[in-house]
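Notes follow the structure.
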Amino acid sequence: MSLPEKVRLVEVGPRDGLQNEAQPINVADKVRLVDDLTAAGLSYIEVGSFVSPKWVPQMAGSAEVFANIRQQPGVTYAALAPNLRGFEDALTAGVKEVAVFAAASEAFSQRNINCSISESLARFAPIMDAARQHGVRVRGYVSCVLGCPYEGAVSAEQVAPVARELFEMGCYEVSLGDTIGTGTPGSTRRLFEVVAAHVPRAQLAGHFHDTYGQALANIYASLLEDITVFDSSVAGLGGCPYAKGASGNVASEDVLYMLQGLGIETGINLEQLIDAGSRISTVLGRTSGSRVARARLAQ
């Protein structure tokens, strides 16, 4: 099967990447990160999350971040809105696209958001209704699609009905997340083969963690399945909270370097992306989690 000519990267660093950081990050540094990512050519940036600061302290100030970033035409600036209150706050902040989360694992759903998968999906119904009324697009995430920290292996057949329900509810795109990074190219291809019988491939995305060093291989396997949208995090921000010391999100720089090597167009400037990752890594007091960035910066 031939590879796609163009791929869209969904940059999740400012939200998924920063939300697990232990140290407080000020609004100005978050704004600078988003502006740097815009300048590098990202067309989709997940800026923040409208959740209770009691649960996710790093996402406090998301409205302030939205108010101060230099939004450019043609770029989507999205936010996570897990409930109707979060959606309303996002709307007030001028957000034009939100994301909602469900899990493919019952155990993960119970531990993570204290309800069953079906209950979590039911909670999204009022968000979808409000989004339609206000012309806000909704993107859906399914976590634990290839493995769960509590249940172990997760079958593609468990993932398909959750993805289909999100799609049928009105999510224009459904991102399948390998939350603990245990997937391999074989299980990844089978995942998309099974789920694509329920949701069109053009409406599916991949979200891979690099815990077991398989993220780039899994993205390549997804390309062979005609998947053309991938979530990634600049500088590899966002350690995996379920595996002590393990890497989490795949680094945007590493994904971009691979895509460029395959002749796939993204519209993103690698050097500017490395600079963006380097700057936020300095703020966090550590080296970039991107191997490409570390190699380039060492030259």
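The values are calculated or read from the model by the stated rules, or taken from the named source; none is laboratory data. Because the structure is a prediction, the values reported are computed rather than measured. Every residue, glycine as well, gets a Cβ built from its backbone with ideal geometry; the counts of neighbours run over all protein chains shown. In case anyone asks, the SASA skips ligands and DNA or RNA and just uses the protein heavy atoms, side chains included. Shrake-Rupley method; radii C 1.70, N 1.55, O 1.52, S 1.80 Å.
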Inset, instruction - Please name whichever of 215, 237, 73 sits farthest to the positive end of the charge dipole of the chain, dipole taken about the Cα centre and charges placed at Cβ: Lys and Arg +1, Asp and Glu -1. - result: 237
Inset, instruction - Towards the positive end of the charge dipole of the chain, with charges on Cβ (+1 Lys, Arg; -1 Asp, Glu), say which of 266, 158, 195 has the farthest Cα. - result: 266
Inset, instruction - Check every DSSP H run in the chain and write down those whose alpha carbon atoms cover 18 angstrom or more along the long axis and whose mean Kyte-Doolittle hydropathy is 0.5 or greater. - result: 270-284
Inset, instruction - Note down the magnitude of the dipole of segment 1-137 about its Cα centre, charges +1 on Lys and Arg C-beta and -1 on Asp and Glu C-beta and zero elsewhere, to the nearest 20 debye. - result: 160
Inset, instruction - Could you give log10 I(q)/I(0) at q = 0.19, 0.20 Å⁻¹ for segment 1-99, computed by the Debye formula over C-alpha point scatterers of equal weight, without solvent? - result: -0.85, -0.94
Inset, instruction - Name the residue farthest towards the positive end of the dipole of segment 1-138 from the options 28, 40, 10, assuming +1 on Cβ of Lys and Arg, -1 on Cβ of Asp and Glu, about the Cα centre. - result: 10
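Which value, in debye to the nearest 20, describes the size of the charge dipole of segment 181-299 about its Cα centre when Lys and Arg Cβ atoms bear +1, Asp and Glu Cβ atoms bear -1, and nothing else is charged?
Value, rounded to 20: 380 debye.
Mind putting a number on the dipole of the chain about its Cα centre? Charges go on the C-beta only, +1 for Lys and Arg and -1 for Asp and Glu, and I need it in Debye to the nearest 20.
Working: 24 positive and 31 negative charges, 75 e Å.
Dipole of the chain, to the nearest 20 debye: 360 debye.
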Legend entry - segment 1-65 and segment 175-197: distance between their alpha carbon centers, rounded to Å: 24
Inset, instruction - Mind grabbing the base-10 log of I(q)/I(0) for segment 67-206 at q = 0.17, 0.19 Å⁻¹? Debye formula, identical points on the C-alpha positions, no solvent, two decimal places. - result: -0.91, -1.08
Legend entry - Value of Rg/Rh across segment 152-299 [Cα atoms, Kirkwood radius]: 0.99
Legend entry - Surface accessible to a 1.4 Å probe, per residue, for the residues of segment 1-160, Å²: 44
Inset, instruction - Please list 48-59, 20-31 highest first by mean number of surrounding beta-carbon atoms within 10 Å per residue. - result: 48-59, 20-31
Inset, instruction - For the chain, with all protein chains present and a 1.4 Å probe, just round the carbon and sulfur fraction of the accessible area to a whole percent. - result: 50
Inset, instruction - Read through the labelled values (1) 18.9; (2) 21.1; (3) 19.4 and report the label of the one computed as Kirkwood radius over Cα pairs in Å from the structure. - result: (1)
